[in-house]
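Encoded as structure tokens, the structure appears first; notes follow it.
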Amino acid sequence: MMQTTNFFGLSEEQMMIRENVLDLLERVLPREKMKELDKAGEFPFEAYQALADAGWMGLAYPEEFGGAGGSNKDLAVLIEAMAYHYGGIATAYNTTIVYAGMHICRHASKEVREELMPKIIDGSAKLALGLTEPGAGSDAASIQTKAVRDGDEFVINGQKLYTTCAHVADYLIVVTKTKPGSGHKGMTIFLVDAKQPGVTIRPLDMLGRHTTHANEVFLDNVRTPASWMIGEENEGWKNLMDCLNVERMCIAAVGAGNTFKILDYTLDYAKQREQFGRSIGKFQVIQHKFADMRMKAETNRLFLYRVADLLDNGQNAVMETSMAKVVATENNFEVANMGMQIFGGAGYTTAYDIEMMLRDARIGPIGAGTSEIQRNIIAKLMEL
């Protein structure tokens, strides 16, 4: 398959990151395996462990924790490449390493970091982030899950919803209320052993992302050591905000890589599919669709690397990461939808991957802060 991406601006090391991870995934997660896992709704365990064995789980973590001390741009390159191969494996990576793992890396106690970081990096510990609840989605400050101190422990009761990859997690990062009625000022984050009594995890049947699906999590008198508190008591909101920039950049990276994959996959089809005596790519109506798809794909990458550079420069790029998340996820879905139209009836069957790509892309503008919430943030930062 030809690649339309222009890689100018990536260092030699970043090009190696890209080539190495694509070679690895081509071997351990070929197309047939991908389709099989999607149909069965199974997590890509083998590919995940292969990434860990090759050292990719530690790329963005500091060297003092056993990581490689890579930059935000290095991380963006890695995730973009994974998502170019398959969006599901990039989501599997993000869930443990970024969404949950960054909380351990940045805010856990020294003891928790020393115990967990090596396991996260070698692939033996998978994590999930429990934030959303039945009554608290976009309004995260309204969560009801309570944590009450009992000696050296906290007792947690509540329910989480749409918790990605909780069904395979060894540990959960759970956002709780330790001071009810205080809005975002009374939130505290805890590390919780996902396998202990009182934790019930029920997989949800989802439209897409079948290999990294969401779950309901029930916490019934779940005990966790006070030393497993992530950050300070009642300061959970601040820690959530601290990890959001990297999270949004990584979601934009999934959108960027996957959009180029859809473009290249559809382009191959259009050059081979013939109607009225010539390939459908020769018709101007199809050519214009491809021009639009290419512009959307390129816009995603430009936004992604701009944001990575800003974060690497120490800037608190909240507006830019929100914009990148909106642009990349919306373009990802729009390009998948255009790809489906070009494939026509063939694309609506499971014989081709475009139906899976379309299903998988739809969550982007919804998950991890909807496009509407991101637009609210952007408007607020313009002092509106």
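The values are calculated or read from the model by the stated rules, or taken from the named source; none is laboratory data. Predicted, not measured: the structure shown is a model, and the values here were computed from it. Note that we place each Cβ from the backbone using ideal geometry, even for glycine, and neighbour counts take in every protein chain shown. Heads up: the accessible areas ignore ligands, DNA and RNA and are worked out on the full protein's heavy atoms, side chains in. Shrake-Rupley method; radii C 1.70, N 1.55, O 1.52, S 1.80 Å.
Of note:
- Given (1) more than 30 Å from R375 (Cβ to Cβ); (2) crowded, with 18+ Cβ neighbours inside 10 Å; (3) without any contact (Cβ under 8 Å) to a residue 12 or more places away in the chain, index of the condition T349 fails: (2)
- Filtered residues of segment 277-308 (kept if open to solvent by 80 Å² or more (accessible area, probe 1.4 Å) and either more than 22 Å from F333 (Cα to Cα) or within 26 Å of the chain's Cα centre (by Cα) (or both)): R278, K282, Q284, M295, L302, R306
- Condition met for G344 (in a loop (DSSP other than H, G, I, E, B), among the small types (G, A, S) and surrounded by fewer than 19 Cβ atoms within 10 Å (Cβ to Cβ)): no
- Selection within segment 196-221: residues that are among the hydrophobic types (A, V, I, L, M, F, W, C) and in a loop (DSSP other than H, G, I, E, B). The member of this set that is farthest from E133 (Cα to Cα) is L207.
- Selection of segment 347-375 for residues being under 17 Å from the mean Cα position of the chain (by Cα) and either in a loop (DSSP other than H, G, I, E, B) or of a type in the set (D, E, K, R) (or both) yields R359, D360, R362, I363, G364, P365, I366, G367, A368, G369, T370.
- Where strands (runs of 3 or more DSSP E) fall entirely within segment 121-192, those with at least 3 residues that are touching a helix residue (DSSP H, G or I) at 6+ places or on another chain (Cβ under 9 Å) are at 127-130, 153-160, 171-177.
- Tabulated pairs, segment 269-289, first without any contact (Cβ under 8 Å) to a residue 24 or more places away in the chain, second open to solvent by 100 Å² or more (accessible area, probe 1.4 Å), C-beta under 6 angstrom, 6+ apart or interchain: S279/K271; G281/K271
- Where helices (runs of 4 or more DSSP H) fall wholly inside segment 15-109, no range has 2 or more residues that are farther than 22 Å from D360 by Cα and either modelled with pLDDT under 95 or of a type in the set (F, W, Y) (or both).
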